[in-house]
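The values are calculated or read from the model by the stated rules, or taken from the named source; none is laboratory data. This structure is a prediction, so every number in the text was calculated from the model and none was measured. Ideal geometry is used to build each Cβ from the backbone, glycine not excepted, and the neighbour counts take in all protein chains shown. The area values use the complete protein model at the heavy-atom level, side chains included, leaving out ligands, DNA and RNA. Shrake-Rupley method; radii C 1.70, N 1.55, O 1.52, S 1.80 Å.
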Amino acid sequence: MRSITLPRANGLLLLAVLILATLYFGRLFLMPLAFAGLLAMLLRPVSNWLERRGLGRALAALLCLLVVLAVLSALGWMIAEQGSNISDDWPQLKKQFFAELGKVQQQVQERFGVGPKKQMSFLQEQMANATAAVKRFVAATLKGLLGALGGFLLVLLYLFFLLWQRHRLRQFALKLVEPENRGEVAHILEQVSKVGGQYLIGRFVSMFFIATVYAIGFTIIGLKNALLLSVIAVLPTIVPYVGAYIGAAFPLAMALAAGEPGTVLPTVGVIILAQFIDNNIIEPIAMGSALHLNPFFTIIAVVAGELIWGVPGMILFEPLFAIIRIACSHVPALQPYAELLGDEDEEPGWLKKVKGLFKRKA
């Protein structure tokens, strides 16, 4: 039995520290590159299809870039168009908000004996204390938006070159290994590209389903600007786990501001129904076993991503852990780590039958 010596353990610990330090201090460079890599995996089939139609690689990559910009522009236009409706309704919402605030003040006075003037004085004092914090938050937000804009431009630039030069990058990776191992490396690269693309497709399908259920449900309930609320509520869900709770806060706030009895509980019901169906049916079908990660390490990936890269890390570290699992599974010395990261649970029988129906239709 091979024992782990102290020098070897120290070497592994030092390697882990160096990797974490590289990820943390190099995050401004690595995050845009990682986003571009995931998008390149998603758009690779589109680029291949365009190239088979006779377009050059550079032109195909440019068209893929234009597709991304068109989708983002359409989303931004829809949010701006719907946002104008909220600005028109703002006086009415403000009036309803103060009416609800008056009811709360009355209940506080009845239960605790604190008059409205004392309540407002307390609120004003707290607001004054929070002014400095708000100013710091606004400054940090503006700085973050400028950084995000620069990062977005880098993502687009990296995406273009990754799509354009992907064959050269593949050949470079193959030439790094011995000829007899190139078939195995090519298989690894193919698996990795499918993981990234299927993860993003599954995430987008899930978001589209949730937005559709929200839009229909909020419209039936009678919430104003149901389409905009649905889009705003679904955007944070691109972040696993916590995104759903953050997104749900927006329609709930609008339901409370509307001040109409019987609106809040149906809104909560729509949110719970959409999340339940998505978590138990849509995501298993759309994403399947693309990541094939142990649920425990899925949570670790999200937490570690937030600690190292912030919110982008919560999105990127889940597929990153899946890529690490694939790489480890093809290296004999690292296969125990692949077993540790992997999820060996079989798919439910109903899910296999549903997938079989889709395959027959295809």
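Going toward the positive end of the dipole of region 7-82, with +1 on Lys and Arg Cβ and -1 on Asp and Glu Cβ, which of Leu33, Ile19, Leu69 do you reach last?
Ile19
Run the dipole for region 141-238 about the Cα centre, Lys and Arg Cβ at +1, Asp and Glu Cβ at -1, nothing else charged, and hand back the magnitude in debye, nearest 20.
Values: 9 positive and 4 negative charges, 57 e Å.
I would put it at about 280 debye.
Could you check the spin-label model distance between Gln191 and Leu72? Points 7 Å from the Cα along Cα→Cβ, value in nm.
If labels sit at Gln191 and Leu72, their model points lie 3.2 nm apart.
Whole Å is fine, so just give me how far the alpha carbon centre of region 8-60 lies from that of region 197-253.
Their Cα centres are 28 Å away from one another.
Could you list which residues have their amide H under 5 Å from that of Leu293, counting only those 5 or more apart in sequence or on another chain, with H placed in the peptide plane?
Asp343
Could you sort Trp309, Trp49, Trp77 by accessible area so the largest value comes first, with the probe set to 1.4 Å?
The most accessible residue leads, giving Trp77, Trp49, Trp309.
On a 1.4 Å probe surface of the protein chains, which of Met78, Met314 comes out largest in accessible area, and what is the full order?
Ranking Met78, Met314 by accessible area, largest first, yields Met78, Met314.
Once you have the Cα-Cα distance between Phe152 and Leu33, take 0.36 nm times their residue separation minus that, and quote the gain in nm to one decimal. Walk me through the numbers on the way to the answer.
Details: separation 119, 0.36 × 119 = 42.84 nm, distance 1.03 nm.
Between Phe152 and Leu33, full extension yields an extra 41.8 nm.
Place a +1 charge on the Cβ of each Lys and Arg in region 168-292 and a -1 charge on the Cβ of each Asp and Glu, then give the dipole magnitude about the Cα centre in debye, rounded to the nearest 20. Can you show the working numbers first?
Values: 7 positive and 7 negative charges, 66 e Å.
Magnitude of the dipole: close to 320 debye.
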